[in-house]
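First up is the structure itself, then whatever we jot down about it.
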Amino acid sequence: IYQGCISMICYIAPPITAVFLLGVFWKRASGTGAIVTLITGSILGFIVFLLEWYKDSTGWTMPALLAGFYLCVLCITIHIVVSVFKPHVHTPDSESLVWDKPLDCIKAPGWKGIGDYRILSALLFAMMVALYVIFR
């Protein structure tokens, strides 16, 4: 059951990951590119899942995690190609949703006090380090 769950995640997550990363970090990513990537990546993921599920008759030997990586690279490529040929025209509202530089996320104003995302991120990081030290 565990192996099946890991395999499913490796074939479902790549298109979502590609759309999220390019949508946040690349200004030229388009909505059309996202939709095409999600549909195509889901179909490809399902095909690769079937190839692995019936690996005795298909001869599929690629591990699920490696196949997931290749699917993600392919989905990123699909998204870039479609976005170049069908670009998104930004409005002032959509322009504010994309960072100019990766470190702009740290400079953005957050909520006051404990609701500030930088404080919450530091607390989460400290908790993860503490749990690692306690349970290793």
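The values are calculated or read from the model by the stated rules, or taken from the named source; none is laboratory data. Please read these numbers as outputs of a predicted model, since none were measured by experiment. With ideal geometry, Cβ positions are generated from the backbone for all residues, glycine too; neighbour counts draw on all protein chains shown. With ligands, DNA and RNA removed, areas are computed over all heavy atoms of the protein, side chains included. Shrake-Rupley method; radii C 1.70, N 1.55, O 1.52, S 1.80 Å.
Odds and ends about this structure:
- Accessible surface, the chain, averaged per residue in Å² (probe 1.4 Å): 73
- Accessible-area order (highest first, 1.4 angstrom probe) of the listed residues Thr40, Thr77: Thr77, Thr40
- Dipole magnitude of the stretch 49-136, debye to nearest 20 (Cβ charges: Lys/Arg +1, Asp/Glu -1, about Cα centre): 240
- Calculated on C-alpha atoms, the gyration radius of the stretch 45-94 divided by its Kirkwood radius gives an Rg/Rh of 1.25.
- Each Cα pair under 8 Å and six or more residues apart adds its separation to the average, and for the chain the resulting relative contact order is 32 percent.
- For Trp99, the shell of other residues with beta-carbons less than 14 Å away shows a net charge of +1, using +1 for Lys and Arg and -1 for Asp and Glu.
- Counting only residues at least eight positions apart within a chain, or on another chain, the lysines with an alpha carbon under 19 Å from that of Lys86 are Lys27.
- Rolling a 1.4 Å probe over the protein heavy atoms of the chain, with every protein chain left in place, gives an accessible area that is 76 percent carbon and sulfur.
- ³J(HN,Hα), Karplus 6.51/-1.76/1.60, whole Hz, each residue of the stretch 57-69, x for Gly, Pro: 8, 9, x, 5, 10, 6, x, 4, 5, 5, 5, x, 5
- For the stretch 19-56 and the stretch 83-97, distance of Cα centres in Å: 20
- Correct choice for Rg and Dmax of the Cα atoms in Å that was computed from the model, options [x] 22.9, 78; [y] 19.2, 59; [z] 15.8, 49: [y]
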